[in-house]
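Every read-out reported here was derived from the displayed coordinates using simple, explicitly stated rules and does not represent laboratory data. Everything quoted here is computed from the prediction, not taken from an experiment. Cβ: placed from backbone, ideal geometry, glycine included. Neighbour counts: every protein chain shown.
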Amino acid sequence: MKNYKLVLLKGDGIGPEIVDEAVKVLDKAAEKFDFTVEYDEALLGGCAIDATGVPLPDETVAKCKAADSVLLGAVGGPKWDTLPGNLRPEAGLLGIRGALGLFANLRPAVIFEPLKSASPLRDDIIGKALDILVVRELTGGIYFGERGRKEVNGAPAAYDTEMYTVPEIERIARVAFEMAMNRNKKLTNVDKANVLESSRLWRETVIKVAAEYPEVELNHLYVDNCAMQLVRNPGQFDVIVTSNIFGDILSDEASMISGSIGMLASASLNENKAGLYEPIHGSAPDIAGQGIANPLATILSVAMMLKHSLDQPQAADAIENAVAKALETYRTPDIYTEGTKKVSCKEMGDIVCSLL
Ligand code: IPM
Ligand code: MG
């Protein structure tokens, strides 16, 4: 029987509660589809700062590198907001992305049929469905470029650098084309090639890689236009590929269109496909410990893990179906509407398990 070694980074705020429910669901799926999972835990973010003084201890990196995959809850909270930049929980998140080489970030924005009314966009704009995949470059660009403070004409100044190498662009483009091949074969490249030299190289390189994928229809949008098109006609998008910073911004916009940020999962992949999986929402410190968090995004992150890293696509489908079924009747408070049954974080986990 196949056995997988997982590292859990429960993190801060609601992180531990939602990861516990996702683990419960994964164990149930393992039982049903005949594999086993072994868990280890490690510290990342605020809890790591409290315990060790740094947001990303070396031990965490070592454990994650040795694992088949990593599941992350969420990091951060007001308690650590006043620390210097390199000691904040966010620095731990960037650090683990860099250390594990997680260059490809997949952020699906989908509308779950029973939650359609949660979208802030009108029905006629949403159309029949929304299913967009944002592929964000995650270990390069301005997030990781040279930055600093200096003096310019006697005035204090600061700078950050956007730089991409051709191999960095090629590998993220290939991931995006591969994803498009498994979907509707439509890829939109998003850049700012009318202004930025780094974007011009980005676009040239994406066009070169496109030759390897003649079946995929490729188009290009400037990032400002893309931001506008996303709310004007989101149905035109299938897969979007873009740089680290543009992907950060556009994936938030796309998630809001779906109206249910508590439902969206994400995957961050490296060359060996081990990957780190996490809900796209934050640590929600205001509701932590109350048992009312929505565990579904984390549960759906486990489904993504089963698909992309653990080679258990049937178990992944089963979890996705169980979540869809659960939503027909049961809701955590964040997605509650009249006529449905309000349940706690733990109850939602149990319901998904029972529907598996
Ligand atoms: C995200 C977040 C992070 C990012 C922050 C917390 C550093 O916004 O994962 O999108 O900017 O990448
Ligand atoms: Mg973000």
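What FRET efficiency do you get for ASP124 and ASP27 if R0 is 45 Å and r is their Cβ-Cβ distance, rounded to the nearest 0.05? If you can, show how the numbers build up before the last one.
On the way: r = 43 Å, r/R0 = 0.95.
Using R0 = 45 Å, I get an efficiency of 0.60.
Given the DSSP H assignment, sum -39500 (n - 2.57) over each helix run of at least 4 residues in the chain and divide by its residue total; what's the result at 222 nm in deg cm²/dmol, nearest 500?
About -13000 deg cm²/dmol.
Would you order ARG88, ARG183 from fewest to most other beta-carbon atoms within 10 Å of each residue's own beta-carbon? Display every interim value, and only then the final one.
Working: ARG88 20, ARG183 16.
Listed from fewest to most nearby Cβ atoms, that is ARG183, ARG88.
Roughly how big is the chain's charge dipole about its Cα centre, with Cβ charges of +1 (Lys, Arg) and -1 (Asp, Glu), in debye to the nearest 20?
On the way: 36 positive and 50 negative charges, 63 e Å.
Here the chain has a charge dipole of around 300 debye.
Would you mind putting 119-129, 268-278, 13-23 in packing order, based on average other-beta-carbon counts within 10 Å, highest first? Display every interim value, and only then the final one.
Numbers: 119-129: 12.7, 268-278: 20.7, 13-23: 25.5.
So the order, starting with the most tightly packed, is 13-23, 268-278, 119-129.
If you average the sequence gap of Cα pairs under 8 Å that are 6 or more apart and divide by the length of segment 120-257, what percent do you get for the contact order? Provide the component values of the computation, followed by the final result.
Details: 213 pairs, mean separation 53.4, N = 138.
Here the relative contact order equals 39 percent.
For ASP40, ASP34, what's the fewest-to-most ordering of other Cβ within 10 Å of each Cβ?
Numbers: ASP40 13, ASP34 10.
By the 10 Å Cβ count, ascending, the order reads ASP34, ASP40.
Sequence neighbours fewer than 8 away in the same chain don't count; with that in mind, list the lysines whose C-alpha is under 28 Å from LYS341.
Answer for LYS341, where 28 Å is the Cα cut-off: LYS10, LYS24, LYS28, LYS32, LYS116, LYS128, LYS325, listed by chain and number.
Sort HIS220, HIS308 by Cβ crowding within 10 Å, fewest neighbours at the top.
Values: HIS220 17, HIS308 21.
Ascending Cβ contact count within 10 Å gives the list HIS220, HIS308.
Highest mean first, how do 247-256, 231-240 rank when packing is the count of other Cβ atoms within 10 Å averaged over residues?
247-256, 231-240
When the dipole is taken about the Cα centre of segment 88-199, and only Lys, Arg (+1) and Asp, Glu (-1) are charged at their Cβ, what size is it in debye, to the nearest 20?
Charge dipole, segment 88-199, about its Cα centre: 260 debye, nearest 20.
So how do 132-138, 169-175, 153-159 stack up, highest first, on mean other-Cβ count within 10 Å? Don't skip to the answer; put the middle values down first.
Values: 132-138: 26.3, 169-175: 20.7, 153-159: 7.9.
In descending order of packing, they fall as 132-138, 169-175, 153-159.
How many angstrom lie between the Cα centre of segment 205-259 and the Cα centre of segment 1-75?
31
Would you list, by chain and number, the aspartates and glutamates whose Cα falls below 14 Å from the Cα of LYS63, excluding same-chain residues fewer than 8 positions away?
Cross-link targets: GLU38, ASP40, GLU41.
I'd like to know which of LEU56, VAL37, LEU83 lies farthest towards the positive end of the charge dipole of segment 8-96, counting +1 on Cβ of Lys and Arg and -1 on Cβ of Asp and Glu.
LEU83
Looking at the chain, do any whole DSSP H helices span at least 15 angstrom along their long axis by alpha carbon and average 1.0 or above on Kyte-Doolittle, and which? Mind showing how you got there, number by number?
Values: long enough: 15-33 (26 Å, -0.11); 89-100 (17 Å, 0.72); 166-181 (22 Å, 0.52); 197-210 (20 Å, -0.33); 244-258 (21 Å, 0.47); 296-308 (18 Å, 1.45); 313-329 (25 Å, -0.02); 345-355 (16 Å, 0.66).
Helices meeting the span and hydropathy rule in the chain are 296-308.
Suppose we take every Cα in the chain and form the convex hull; what volume per residue is that in Å³? Before the final figure, lay out each step's value.
Numbers: hull volume 52.2 nm³, N = 356.
Value for the chain: 147 Å³ per residue.
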